[in-house]
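Colleague: One structure, pasted below without further comment.
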Amino acid sequence: MKKNYLLLSAVLLLFSCSNAILPDEESAVSDLLAQPKTWQKQLEYAQKNNDLKTKTSFQGISFQGYTYKGKIDREVDIPVIIEELLSDNSAIVQYTDLNFSNFEIIPIGMVRQSVKTLSSEDPFSYLKSQLQTSIMIGMELLELEWTYKGDTFYSTAIVSNEHGGLIYDNIGIYIIEKSSKLEQKDKEIELNVPFVKTKSESEGPVVRQFSQSDSGRNYYGQTVFSYSISCNSYFNAGVLYDRKLRSSHDSAFGWSCSADVRTISGQINISTYHEFAWAYAYGAACSVSIGWNGNGFKISGGGTGSTGTTVHRQ
């Protein structure tokens, strides 16, 4: 019983980071508990995705197997591994739409060439900095084999069961099956709180709710991004008397994710409305960020996402 309690506490701590876990995120915690924990189990999970029923949701890519390449024994080997991972000849997944639904596997050099006219900065600089701070002596190397659209591809995987199993590779970690649980709600329910009404109060207490969440799981069964946004606006007799805005976000190695929600206008015990702005963004092999200008959010850094404003009234 004590071991189960410690495991659950660790999971809650992992998901909270600098944000409190929302009630909507209970399913996300459950998903985390169900994920394979070792690289051996994660590759078994990938092998199961070769079945026709599941392969269609990953656009037909198949994991064929792996070759064990040994441990990283020397510090001087780490920069060499990183250079090989991000060399122009290495294959990497490149999505062709903002919904992360369709992809190609192309050389990294082709990606660099396609963005050269837009920016002088290496598009993989963020990923390189992640690799430099995450690869450690004692981690292990695998060579993974894939088939896609009649071609065979190989990716070098960095693994360590002490650090969550499969840490990074250029292919499987980026291939996601979205959860399809994306939901957006804007509804009203009655509060189960007693209020004494006067003759002038023709309306009782009401809470307006807005929530949005999504997550993506990769080919190895790991959740690579997740976010949750919620806003509850409480009214009584048409006047705003309380509000609760919360957001959380998390991302795996090689991915980034951000989410936020803030009030624009609406004064407690004065206003008859509550206006708020929300935003989310996530990306693969890039760093996404959300900036606030006082009236709304702006997304930068690549990836995909959305921003909006909503007004609650009784």
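Colleague: Select the strands (runs of 3 or more DSSP E) contained entirely in the range 227-314, then report the ones holding at least 1 residues which are of a type outside the set (F, W, Y), over 30 Å from F124 (Cβ atoms) and assigned by TED's automatic domain parsing to the domain that holds Q212. I'd like the intermediate steps shown before the answer.
Modeller: On the way: elements: 239-251, 255-265, 273-284, 289-292, 297-300, 304-313.
Hits in the range 227-314: 239-251, 255-265, 273-284, 304-313.
Colleague: Filter the range 215-235 for residues that are farther than 24 Å from N170 by Cβ and touching a residue at least 60 places away in the same chain (Cβ under 8 Å) and give the result. Lay out the reasoning, then the answer.
Modeller: Step one: list which residues in the range 215-235 are farther than 24 Å from N170 by Cβ, which gives 227-235.
Scanning the range 215-235 gives S228, S230, C231, S233, F235.
Colleague: Only residues that are in contact with a Lys or Arg (Cβ under 8 Å, 6 or more places away or on another chain) and surrounded by 15 or more Cβ atoms within 10 Å (Cβ to Cβ): list them for the range 60-104, please.
Modeller: I61, S62, I82, L86, F100
Colleague: Let me ask you something else. Among what's in the range 87-130 and is among the β-branched types (V, I, T) and assigned to a loop (DSSP other than H, G, I, E, B), pick the residue that is modelled with the highest pLDDT. Give the steps one after another, and end with the answer.
Modeller: So in the range 87-130, the residues among the β-branched types (V, I, T) come out as 92-93, 96, 105-106, 108, 111, 115, 117.
Among the residues that remain, those that are also assigned to a loop (DSSP other than H, G, I, E, B) are: 96, 117.
On the way: T96: 86, T117: 69.
Filtering the range 87-130 for residues that are among the β-branched types (V, I, T) and assigned to a loop (DSSP other than H, G, I, E, B), the one modelled with the highest pLDDT comes out as T96.
Colleague: Within the range 283-298, how many residues turn out to be modelled with pLDDT under 95, surrounded by 20 or more Cβ atoms within 10 Å (Cβ to Cβ) and hydrophobic (A, V, I, L, M, F, W, C)?
Modeller: 3
Colleague: May I pose another question? Does the range 93-105 contain any residue that is out of contact with any Pro (no Cβ under 9 Å at 6 or more places or on another chain), more than 28 Å from Q35 (Cβ to Cβ) and touching a residue at least 12 places away in the same chain (Cβ under 8 Å)? Give the derivation first.
Modeller: Going residue by residue through the range 93-105, those that are out of contact with any Pro (no Cβ under 9 Å at 6 or more places or on another chain) are 93-105.
Retained after the next criterion (residues that are more than 28 Å from Q35 (Cβ to Cβ)): none.
Looking for residues that are out of contact with any Pro (no Cβ under 9 Å at 6 or more places or on another chain), more than 28 Å from Q35 (Cβ to Cβ) and touching a residue at least 12 places away in the same chain (Cβ under 8 Å), one finds none in the range 93-105, hence no.
Colleague: Now a separate question. In this structure, is S271 surrounded by fewer than 22 Cβ atoms within 10 Å (Cβ to Cβ) and either within 27 Å of A46 (Cα to Cα) or in contact (Cβ under 8 Å) with a residue 24 or more places away in the chain (or both)?
Modeller: Working: surrounded by fewer than 22 Cβ atoms within 10 Å (Cβ to Cβ): yes; either within 27 Å of A46 (Cα to Cα) or in contact (Cβ under 8 Å) with a residue 24 or more places away in the chain (or both): yes.
Against the criterion (surrounded by fewer than 22 Cβ atoms within 10 Å (Cβ to Cβ) and either within 27 Å of A46 (Cα to Cα) or in contact (Cβ under 8 Å) with a residue 24 or more places away in the chain (or both)), S271 qualifies.
Colleague: Show the residue pairs that are 6+ apart or on different chains and have beta-carbon atoms under 6 Å apart, the first residue being within the range 148-170 and within 16 Å of F103 (Cβ to Cβ) and in the same structural domain as S90 (by TED's automatic domain parsing), the second being among the aliphatic types (A, V, I, L, M) and not in a strand (DSSP E or B).
Modeller: Y148/I61; S155/I171
Colleague: Could you check, for the range 123-130, whether at least one of its residues is among the hydrophobic types (A, V, I, L, M, F, W, C), surrounded by fewer than 17 Cβ atoms within 10 Å (Cβ to Cβ) and touching a residue at least 24 places away in the same chain (Cβ under 8 Å)? Step through it out loud before you land on a result.
Modeller: Within the range 123-130, the subset among the hydrophobic types (A, V, I, L, M, F, W, C) is 124, 127.
Still in the running and surrounded by fewer than 17 Cβ atoms within 10 Å (Cβ to Cβ): none.
No.
Colleague: Tell me the helices (runs of 4 or more DSSP H) entirely within the range 1-81 that contain at least 1 residues that are at pLDDT 50 or above, over 24 Å from T152 (Cα atoms) and not acidic (D, E).
Modeller: Working: elements: 2-16, 26-34, 39-48, 52-55.
Per the criteria, 26-34.
The values are calculated or read from the model by the stated rules, or taken from the named source; none is laboratory data. Bear in mind that the values here come from a model prediction, so they are computed numbers and not experimental data. Heads up, the Cβs are rebuilt from the backbone with ideal geometry, glycines too, and the neighbour counts pull from every protein chain shown.
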